[in-house]
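The values are calculated or read from the model by the stated rules, or taken from the named source; none is laboratory data. Note that this is a predicted model, so its numbers are computed, not measured. No Cβ is skipped: glycine too gets one built from the backbone with ideal geometry, and neighbour counts run over all protein chains shown. Accessible surface is based on the protein model in full, side chains and every heavy atom, while ligands, DNA and RNA are left aside. Shrake-Rupley method; radii C 1.70, N 1.55, O 1.52, S 1.80 Å.
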Amino acid sequence: MKFFADTADIADIRELADTGLLDGVTTNPSLIKKSGRDIIEVTKEICSITDGPVSAEVVALDHDGMMREAEVLRRIADNVCIKVPLTIDGLKTCKKLTHDGTMVNVTLCFSANQALLAAKAGASFISPFVGRHDDNGFDGMALISDIRLIYDNYDFGTEILVASIRHPIHVLESAKIGADVATMPPAIIKGLFKHVLTDKGIEGFLKDWEATGQSIG
Ligand code: G3P
């Protein structure tokens, strides 16, 4: 499973990249606003930190406008992945961009039928929003499971990029289902490392080690 950071915060991205476990980054208009940065500049800086896909989202709603914005964004770096919404114009744009060899992440997916359409449009990634799905009384993990089944039935190449992740269980369940990517806030990635028994175990080992009076090297 690939781990993407869902943020435009450069410090967080650098910290995660230093672990060697960061496989890419996703941004969206809300995350760009939160960063307080210019979309072109911050996307360029992110692309200099990771070689993995960096999703940058168009904001136009019509195909021609999306294509114009995509042209601006994809010139930033080779690892820019264009994010388009799951609409007719978004999938029309997806089809054209992927045909030209550009990575496309189809976002704001909330149904398996939408995911089926995105795969037919040649999407590189589909982003089902499990957290928002759960927030509204639907079953986010069932959505991921349905998409996995459909994509395997037809051997679609589109990668399932689980988004809107709220907690580590979303990551765990997505991995058990076989999603390809999890994109999550840096705090959740960091939380995956944590376990109280690991901390207690380290504490106990160090206490006993100090009692030996030894040092290594
Ligand atoms: O990548 C999509 C993600 O940023 C949405 O998360 O928490 O706004 O539902 P959230």
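Across segment 159-179, what is the total count of residues that are within 15 Å of the ligand (Cβ to nearest atom) and not in a helix (DSSP H, G or I)?
So the answer is 10.
Among Gly137, Gly131, Gly65, which is the only one that is farther than 25 Å from Ala5 by Cβ, within 16 Å of the ligand (Cβ to nearest atom) and surrounded by fewer than 18 Cβ atoms within 10 Å (Cβ to Cβ)?
Answer to the selection: Gly137.
State yes or no: is Asp51 within 14 Å of the ligand (Cβ to nearest atom), within 23 Å of Pro29 (Cα to Cα) and open to solvent by 70 Å² or more (accessible area, probe 1.4 Å)?
So Asp51 fails the test.
Pull up segment 2-40, narrow it to residues that are under 15 Å from the mean Cα position of the chain (by Cα) and away from the ligand (no atom under 16 Å from the Cβ), then point me to the one that is most open to solvent (accessible area, probe 1.4 Å).
Only one residue tops the list, namely Leu21.
Can you work out which of the residues in segment 64-101 that are assigned to a loop (DSSP other than H, G, I, E, B) and over 16 Å from Leu161 (Cβ atoms) is farthest from the chain's Cα centre (by Cα)?
Asp100
For Phe110, all conditions in the list (1) over 28 Å from Asp9 (Cα atoms); (2) in contact with a Leu (Cβ under 8 Å, 6 or more places away or on another chain); (3) open to solvent by 30 Å² or more (accessible area, probe 1.4 Å) hold save one; what is the number of the exception?
(1)
Could you figure out which of (1) open to solvent by 10 Å² or more (accessible area, probe 1.4 Å); (2) out of contact with any Pro (no Cβ under 9 Å at 6 or more places or on another chain); (3) among the polar types (S, T, N, Q) isn't true of Asn79?
Asn79 satisfies every listed condition except (2).
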